[in-house]
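One structure is given below, encoded as structure tokens.
The values are calculated or read from the model by the stated rules, or taken from the named source; none is laboratory data. This structure is a prediction, so every number in the text was calculated from the model and none was measured. Every residue, glycine as well, gets a Cβ built from its backbone with ideal geometry; the counts of neighbours run over all protein chains shown. Side chains are part of the model used for accessible areas, which takes the heavy atoms of the whole protein and leaves out ligands, DNA and RNA. Shrake-Rupley method; radii C 1.70, N 1.55, O 1.52, S 1.80 Å.
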Amino acid sequence: MKQKKKKKVNKFFRAVKLAFKDPISLCYIAIPLIIFLAAVVVYKVETQTGSGIETKFDTFYFMCVAVFAGYFEYVCESLPGRAAAITMLITGMILFSFITGKVASTFIDIQMQHDKGLQKIKAMKGHFIICGWRSGFDNILESVFASNADLTPDMVVLVNEAPDEIEQLRADIRFKEVHYVAGDFTDESALRRAHIESAARVLVISDHSKEYSEMEIDSRTVLAIMTIESMCPGIYTAAELMGHKFEKHLRMTHCDEIILTQEYEQNLLAAAAGGKGYSNVISSLISDDSDTGIIIDLIPANYIGQKYGAFKDFSWAQKKEKGILIGLLLNSGNFHIRRKEAIREAQKNPNVKMVIDDLKKVKTLKSNDPLIKPGNDFIIPKNAKAIYVRGKSSV
């Protein structure tokens, strides 16, 4: 017990010693002390001069008015009393200037931290997170909003290490309400500040915020998806790769969509080289207009488990509204979660050979797997969606 008391006493004296070394701490101590001494002088002197200050309460009232309101309720008669009163007045002005400056500095600091993405954003749910940055990011955001009519800027959170570029971006009225978190998107703390646990979707683009090599960019993308999937296994993830080298690793992380930028560019160049106009057709199909081009839509529940031919006939009757049906998107959404459930169901099967066969089938299934023009007898499975092509004036 004695040792504990001794430690507490030593801790107290160390704190006092540090306080006297700090100029701001000295001000905190000196200003109240000066006001108190000035009040004592006024009480001792002015109670005998007939100035109206007769009691301790009068002195306290005079001190409060002088310090907080900046004027004198009583007129001091003696020279020491007047000197003490002026000291109170000046000290009060200094005190309030200090407090006002400190409060303003605190609010400015909070606003600057918010603008630079250093604070945790307000609680959100169902938002869309975009990780990474590169040149032309404003065009990417513009296309994202054009392709997702239901997505508003206040439901988008950017996570990257390019605060200056994002500050310029948010100066644009279109992106003013977009939220920003500054930090490494492969780090859990940065993702938590973006409320990754309650987000609906995450897009990781090739990050050029620093001078990374192509291999470093793709490896960071894989690491980010691994981190995101470990934190939130049910979240829908899409990622961009610059090359094929890390594609297999990214698929192992259960990424729902993989965009191979170089492959698409090469295919477009190759198509353009043929001189048949393929590139123009492809550009119109992947238009950033959410109402035209390739449209992915839900299949009515009564057609799940039915033949594709029946659904095709139904869709043909709806072509003016929906567009032309060209196929199915199998295993859509957060498929890897359902894959785990399917594996558990397969393992319950008492027939060992059937279990092995079922597991092989389930493990080889691909998330968001497009099936163009299936046969009429093809049975539409669960978690499938319809793929339509719709022009600006569908026939």
Where in the stretch 149-236 are there chymotrypsin sites (Phe, Trp or Tyr not before Pro) that are in a DSSP coil and have at most 14 other Cβ atoms within 10 angstrom of their Cβ? Tyr212
Row for the stretch 137-241, column shape: gyration tensor on C-alpha, a ≥ b ≥ c, rounded if a/c < 1.5 i.e. under 1.5, prolate if a/b over b/c, else oblate; value oblate
So how far apart, in nm, are the two label points at Glu216 and Ser147 if each is 7 Å from Cα heading toward Cβ? 2.8
Which three lengths, in whole Å and largest first, does the stretch 68-184 cover when its Cα atoms are put on their principal axes? 80, 25, 23
Accessible area in the full protein assembly, largest first, 1.4 Å probe, for Val65, Val40: Val40, Val65
The ³J(HN,Hα) series, computed from each phi in the stretch 237-251 with the Karplus coefficients 6.51, -1.76 and 1.60 at θ = phi - 60°, rounded to the nearest Hz and given as x for glycine or proline, is 10, 9, 9, 9, 10, 7, x, 7, 4, 9, 4, 4, 5, 5, 5
Show which aspartates and glutamates lie in cross-link reach of Lys56 when reach means a straight Cα distance below 19 angstrom and same-chain residues fewer than eight apart are skipped. Glu46, Glu73, Glu77
State whether the stretch 194-307 is rounded, prolate or oblate according to the following rule on the C-alpha gyration tensor (a ≥ b ≥ c being the square roots of its eigenvalues): a/c under 1.5 gives rounded; otherwise a/b larger than b/c gives prolate, and the remaining case gives oblate. oblate
Report, to the nearest whole %, how much of the accessible area of the stretch 176-254 belongs to carbon and sulfur atoms, 1.4 Å probe, protein only. 57
Loop-located trypsin sites (Lys or Arg not before Pro) in the stretch 121-173 whose Cβ has at most 13 other Cβ within 10 Å (DSSP): Lys122, Lys125
Which of the aspartates and glutamates could be linked to Lys307 by a straight reach, that is with a Cα gap under 13 Å, when you skip same-chain ones fewer than 8 residues away? Asp377
Among the listed pairs Lys176/Lys320; Lys120/Lys382; Lys319/Lys382; Lys122/Lys248; Lys125/Lys382, give every one whose C-alpha distance is greater than 31 Å. Lys176/Lys320; Lys120/Lys382; Lys122/Lys248
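Excluding ligands, DNA and RNA, what is the solvent-accessible area per residue of the stretch 79-201 at a probe of 1.4 Å, expressed in Å²?
54
Under the Kirkwood approximation applied to all pairs of distinct alpha-carbon atoms, what is the hydrodynamic radius of the stretch 284-327 in Å? Could the numbers behind the result be given before it?
Values: mean 1/r = 0.0868 Å⁻¹.
It is 11.5 Å.
Is the shape of the stretch 16-94 best called rounded, prolate or oblate, per the rule: a/c under 1.5 gives rounded, else a/b larger than b/c gives prolate, else oblate, with a ≥ b ≥ c the square roots of the Cα gyration tensor eigenvalues? Don't skip to the answer; put the middle values down first.
Numbers: a/c = 2.71, a/b = 2.21, b/c = 1.23.
Verdict is prolate for the stretch 16-94.
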